[in-house]
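First comes the structure, then the notes that go with it.
FYI, it's all coordinate maths here, none of it is from the lab. The model shown is predicted, which means the values in this text are computed figures rather than measured ones. Heads up, the Cβs are rebuilt from the backbone with ideal geometry, glycines too, and the neighbour counts pull from every protein chain shown.
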Amino acid sequence: MSKVDSNADVKRGLEGVIVAESRVCYIDGIKGRLYYRGYGIGDIAKNCSFEEAAYLLLYSKLPNRRALHSFSVELRRRRNLPQRIVEMMRTFSKSMTSMEALRTAVSALAADDPDARKVSLEDHLNNGISLIAKMPTIVAYYYRINRGEEVVKPDPELGHAANFLYMMTGRVPDKTSARGMDMDMVLHAEHGFNASSFAVRVTVSTLSDMHSAFTTGVGTLKGPLHGGAAEEVMRMLEEIGYAKNVDKYVQKILAGHGRVMGYGHRIYKTYDPRARVLKKMAEEMSKEKENMRWFEIGERLEVVMEREKGLYPNVDFYSAMVYHHLALPIDINPSLFAIARSAGWVAHAAEQYGDNKLIRPLDRYVGEIDLEFIPLNKRK
Ligand code: ACO
């Protein structure tokens, strides 16, 4: 028995490792700045619809009126799901979560799509657009099927965000709700080499197809250290109950080496610029609904978490409040993240494919080697 002799440096969680050049997104984690294809997130969030931001991410330029119109028409045209997928969702166990249903349905969509196995830059964009269009339908349909309700078919008159709310509730949303959902989607659309986008790139780097990449992406986003935090935040706010309980709650969590959900970020060492926009939106919605309870908890948490850990809210924190005010159920929060991040996934998949090199890092082996082999009948 012996050990491998190596002092190779290990970067746990790939922290600080630059694995590729990219033109999709720039994040300045020290100054708290974020850019999609060079445009500041403040300008994008204020001025762009999800469709406009998605076009920018996919085609590296802001669309003119005509390009935006045809891109929106294309998304609307592809919203419908094959009946077989709808029937399949009806067979899902009631205990299946929204993200599990999304992961399964995205994968199953490949079976009904003759283009799904095709792999070229054009195919990646084509299949990606189809998946961006269908993900909201999957989430809304499964939500209603799971509650024993009839599905609400997409309305081609409505934009991406408004149509999603319509398919969830059966009611055309008011302008404020539709814009709130839209802005939230824009803010979640892209964020550099986050875990799910990196997972998408790994899948594409093997020359696998876009449906496989999306299945990987949804599976990776699902975890509570990534998109799953969106669900945990609202549950945490409910557990805290009122602002007066915040200090005690944080002490309890930190004493048990737990995590306060929606706080901290691998890249941002300051306030997440997306959280800044979402906080404003959450405050406006709280005032409008005359329910400041969750927002007051948020304000106190900010003070306590900065004091105790030097940590700030991330994108998931205030978005949970926005979803609450949009009357969306807690357990679909990570799926809302996935619906929006799909645009970033396609941008990253296309970029990876355009200059592909199989992603295959190394490990430092710290186990044993040269062990004496023991035949099966002699093992204890
Ligand atoms: N609550 C309490 N302590 C925290 C938190 C938190 N939310 N986040 C980080 N810390 C602490 C860790 O305990 C650790 O403390 P220590 O050095 O005293 O042991 C230190 O900060 C560093 O933590 P790491 O996990 O090593 O930092 P990393 O960069 O890997 O973590 C992460 C980033 C996973 C997002 C982390 O901040 C976290 O778990 N947050 C809560 C979950 C969450 O909100 N996830 C969503 C992330 S954003 C997104 O995906 C959209």
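Placing R0 at 35 angstrom, the Cβ-Cβ distance between Met96 and Asp28 gives a FRET efficiency of 0.35 after rounding to 0.05. Rounded to the nearest 0.05, the FRET efficiency derived from the C-beta distance between Val73 and Ser208 at R0 = 22 Å is 0.15. The calculated 222 nm mean residue ellipticity attributable to helices in the chain amounts to -17500 deg cm²/dmol, summing -39500 (n - 2.57) over DSSP H runs of n ≥ 4 and dividing by all residues. In the chain, Cα pairs under 8 Å separated by at least six residues give a relative contact order of 26 percent. Residues of region 43-80 with an amide N closer than 20 Å to a point placed 7 Å from the Cα of Glu284 along the Cα-to-Cβ direction: 43-54.
When you filter the trypsin sites (Lys or Arg not before Pro) in region 136-220 for DSSP loop state and at most 13 other Cβ atoms inside 10 Å of their Cβ, you are left with Arg147, Arg171.
Rounded to the nearest whole Hz, the Karplus-based 3J(HN,Hα) values (6.51 cos²θ - 1.76 cosθ + 1.60, θ = phi - 60°) of region 79-95 follow the sequence 5, 5, 9, x, 4, 4, 6, 4, 5, 4, 5, 5, 8, 4, 4, 4, 7, with x at glycine and proline.
With the simple spin-label model, which puts each label point 7 Å out from Cα in the Cβ direction, the Val19 to Met292 separation comes to 4.5 nm.
Mean sequence separation of contacting Cα pairs (under 8 Å, at least six apart), scaled by the length of region 132-234, corresponds to a relative contact order of 15 percent. Taking amide H as placed 1.01 Å from N in the peptide plane, Tyr263 has its amide H under 5 Å from the amide H of Asn314, each at least 5 places away in sequence or on another chain. If R0 is 51 Å, the Cβ-Cβ spacing of Arg235 and Lys380 corresponds to a FRET efficiency of close to 0.60. Comparing Cα centroids, region 297-342 and region 49-78 end up 27 angstrom apart.
Mean separation of Cα pairs under 8 Å and 6 or more residues apart, divided by the residue count, gives region 274-380 a relative contact order of 26 percent.
Could you check the spin-label model distance between Glu149 and Tyr59? Points 7 Å from the Cα along Cα→Cβ, value in nm. Those two pseudo-labels are separated by 3.5 nm. A crude spin-label estimate for the pair Glu122 and Ala327, with each label 7 Å from Cα along the Cβ direction, gives 4.6 nm.
Within the set of other residues whose C-beta is less than 13 Å from the C-beta of Glu351, count the net charge using Lys and Arg as +1 and Asp and Glu as -1. Every neighbour counted, the sum reads +1. Rounded to the nearest 20 debye, the dipole magnitude of the chain is 180 debye, with +1 charges on Lys and Arg beta carbons, -1 on Asp and Glu beta carbons, and the Cα centre as origin. The length gained by stretching the chain between Arg66 and Glu87 to full extension, at 0.36 nm per residue less their Cα-Cα distance, is 3.9 nm. Using the Cβ of Leu371 as centre and a radius below 13 Å, the other residues enclosed give a net charge of -1, where K and R count +1 and D and E count -1. When the listed pairs Lys287/Lys309; Lys31/Lys248; Lys252/Lys287; Lys175/Lys287; Lys244/Lys289; Lys46/Lys153 are checked against a 23 Å cut-off, the alpha-carbon distance exceeds it for Lys287/Lys309; Lys31/Lys248; Lys252/Lys287; Lys46/Lys153.
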